[in-house]
Amino acid sequence: MLTSFPRVPLLSGPTPLERMVRAGSHAGHPQLWVKRDDCMPLAFGGNKLRNLEFWLGQALEQNSDILVIAGAAPSNQVRLTAAAAARMGLECLVLYAGPDLSPPHSNRLLTEMMGAQIRCLGDVDEGMRARLAGQAVADLAAAGRRPYLVGDPIIGALGYVRAARELHEQAVAARLDLRHVVLPGSMGVTEAGMILGAAMLGLPWTFHLVSVEYEAHDLEARIRSILADLCRSSEVEPTHDMLDRVRIHMDQLGAGYGKPTAASIEAGHLFARLEALLLEQTYVAKAFAGLLSCVARGDIPAHEAACIVHTGGTPALFSPVSPLLD
Ligand SMILES: Cc1ncc(COP(=O)(O)O)c(C=O)c1O
């Protein structure tokens, strides 16, 4: 049962659901909404804070005293793990992979400010990074500490199973017949959680995933695998293929992960001007550009309400390596 997973509240309540009146009128769609997961009280917020509510639940259940996380310097997940650790009075060990940027990325500066211990692994691939993280956990345990390795995708996805219900309840309260949900498509954690959450409530949502990292078949395989494990561990019996309601859009991958497209840069400026929404370029501006192209192509028809999830990542806007500041 999903309710049996421990959770530590890190949000102060539902994040806002707002109508984008001016952007909607620009795009020729009267019912465009945004779920403001960039508006959370802790350290600029973002989607990873919902994952962390469940990671922290597990960490506290295991009586852990130090969180361990591996990632790259621009990682939002690392920043928010450091934030959650600070808030809970836990230690946090960060293993940074990749180049030591100078000047440092804004997320790394914030991570350090929040008291995380930093260790740099240098240029290692994903497999080696995972092995080194496992080693760090083993070393800490051997030294008598109780480490918790942050990042299990199944536990993390529970945050967005919950978010689907939150969004549905807000839509009902706003008398909104929501039909489309737009998200960046990346590692599949946020995506799988929301897809399962909507399926469990029997909602008629079509998901539009704007791929920012992987080819369509790869993203789909990741989501399928997380969904299968999620159903198994939460004893949910799927009644249909949940991917039936998912469309993957490849038009924003461009030159690859972290590389803006002309459309994502334009979307960044457009939504800032029309809605005062601030979009970083790796995930969020690409999702918003994808939303506009879905509307323009008719994948999201003007008579069907759509909501995009703003997944956060805001500090990247202040990074000296932000593509917008180049
Ligand atoms: C701001 C932001 N949006 C979206 C994502 C993608 O989330 P997921 O890895 O769950 O696909 C991330 C991942 O780091 C993120 O930081």
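The values are calculated or read from the model by the stated rules, or taken from the named source; none is laboratory data. Values in this document were obtained by computation on a predicted structure and should not be read as measured data. Cβ atoms come from the backbone with ideal geometry, glycine included; neighbour counts cover every protein chain shown.
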Check your understanding: In the stretch 268-291, how many residues are more than 12 Å from the ligand (Cβ to nearest atom), outside any loop (DSSP other than H, G, I, E, B) and surrounded by 22 or more Cβ atoms within 10 Å (Cβ to Cβ)?
Key -> 5
Review point. Of the numbered conditions (1) surrounded by fewer than 17 Cβ atoms within 10 Å (Cβ to Cβ); (2) more than 16 Å from the ligand (Cβ to nearest atom); (3) under 25 Å from G298 (Cβ atoms); (4) at pLDDT 95 or above, D241 satisfies every one except a single condition; which is it?
Key: (4)
**Study point:** Residue that is nearest to V246 (Cα to Cα), among those in the stretch 292-326 that are at pLDDT 95 or above, of a type in the set (V, I, T) and away from the ligand (no atom under 15 Å from the Cβ)
**Key:** I300
Exercise for review: Report yes if A272 is of a type outside the set (D, E), out of contact with any Ser or Thr (no Cβ under 7 Å at 6 or more places or on another chain), on the phi < 0 side of the Ramachandran plot and in contact (Cβ under 8 Å) with a residue 40 or more places away in the chain, otherwise no.
Suggested key: no
Study note, to complete from the structure: The residue from P74, P103 that alone is assigned by TED's automatic domain parsing to the domain that holds V137, in a loop (DSSP other than H, G, I, E, B) and touching a Pro at 6+ places or on another chain (Cβ under 7 Å) is P103
Study note, to complete from the structure: A careful count of residues in the stretch 105-132 that are closer than 21 Å to A86 by Cβ and among the aliphatic types (A, V, I, L, M) gives 6
Practice item. Tell me which of these L230 doesn't satisfy, since it passes every other one: (1) within 16 Å of the ligand (Cβ to nearest atom); (2) closer than 15 Å to S211 by Cβ; (3) touching a residue at least 60 places away in the same chain (Cβ under 8 Å). Key: (2)
Check your understanding: Residues V94, V21: which one is among the aliphatic types (A, V, I, L, M) and buried (at least 23 other Cβ atoms within 10 Å of the Cβ)?
Key -> V94
Practice item. For the stretch 191-198, indicate whether the set of residues that are within 8 Å of the ligand (Cβ to nearest atom) and touching a strand residue (DSSP E or B) at 6+ places or on another chain (Cβ under 8 Å) is non-empty. Key: yes
Check your understanding: When you scan the stretch 37-67, how many residues do you find that are more than 24 Å from I118 (Cβ to Cβ), part of a helix (DSSP H, G or I) and near the ligand (Cβ under 10 Å from one of its atoms)?
Key -> 1
Review point. When you scan the stretch 201-221, how many residues do you find that are away from the ligand (no atom under 14 Å from the Cβ), farther than 22 Å from L167 by Cα and of a type outside the set (D, E)?
Key: 2
Point to revise | Hey, E18 more than 16 Å from the ligand (Cβ to nearest atom), touching a Lys or Arg at 6+ places or on another chain (Cβ under 7 Å) and closer than 22 Å to M194 by Cα or not | key: yes
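Residues are listed down the side, and each one gets a yes or a no for (1) in contact (Cβ under 8 Å) with a residue 60 or more places away in the chain; (2) at negative phi; (3) in contact with a strand residue (DSSP E or B) (Cβ under 6 Å, 6 or more places away or on another chain):
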position: V21; (1), (2), (3): no, yes, no
position: G28; (1), (2), (3): yes, no, no
position: P74; (1), (2), (3): yes, yes, no
position: Y96; (1), (2), (3): no, yes, yes
